[in-house]
Amino acid sequence: MSLFDTRTGRHIEANQAYLNYLGYRKEEILGRTLFELDAFIDMNNALEIINLNSEKNSTNVLNIKTKNGKIKNCIFCSQIINFIGNKISYAILQDIDILKKDNNGHS
């Protein structure tokens, strides 16, 4: 789980599962955007998703690059919440590589 400022795209908070998934420490991620972390593979797709997520709740499939360069396929779910007059994106990444393996009969 992570929280983003919808105006800037900067991380406000991130839990340990989110940090583990991307391979970062909290101090490396807070105050930075996924663009600054070079996490997006397809910039056009990323811009479209970011624009959608800044305005409304959404769920999208996304390829994301971890700190060590590994590409992961995930579902990016975002809900917009109003916090003291600011729009904040509450976002969750769900690994779908695991689901693909399960559907193919592999563990």
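All of the numbers you see were taken from the coordinates with simple rules; none came from a lab. Predicted, not measured: the structure shown is a model, and the values here were computed from it. Glycine gets a Cβ as well: all are built from the backbone with ideal geometry, and neighbour counts include every protein chain shown.
Extending 7 Å from Cα along the Cβ direction at M1 and again at F35 yields two label points whose distance is 2.7 nm.
Using a 7 Å offset from Cα along Cα-Cβ at A17, what residues in segment 70-84 end up with backbone N under 19 Å from the label point? Residues 72-81 qualify, since their backbone N sits under 19 Å from the label point. Once both labels are positioned 7 Å from their Cα atoms along Cα-to-Cβ, the gap between F83 and E48 label points is 2.9 nm.
Gyration tensor analysis over the Cα atoms of segment 2-103 returns equivalent ellipsoid semi-axes of 21, 16, 13 Å (largest first, whole Å). Under 5 Å from the amide H of R10 lie the amide H atoms of D5, each residue being 5 or more positions distant or on a separate chain, with H modelled from the backbone and absent for Pro and chain starts.
Which residues in segment 14-48 have a backbone N closer than 13 Å to a point placed 7 Å from the Cα of N60 along the Cα-to-Cβ line? Answer for segment 14-48: 34-35, 40-48. Figure legend: label point modelled 7 angstrom from the Cα of Y90 along Cα→Cβ; residues of segment 1-17 with amide N under 17 Å from it are 1-6, 12-17.
Taking every C-alpha pair closer than 8 Å and separated by at least 6 residues, the mean separation divided by the residue count of segment 2-103 gives a relative contact order of 26 percent.
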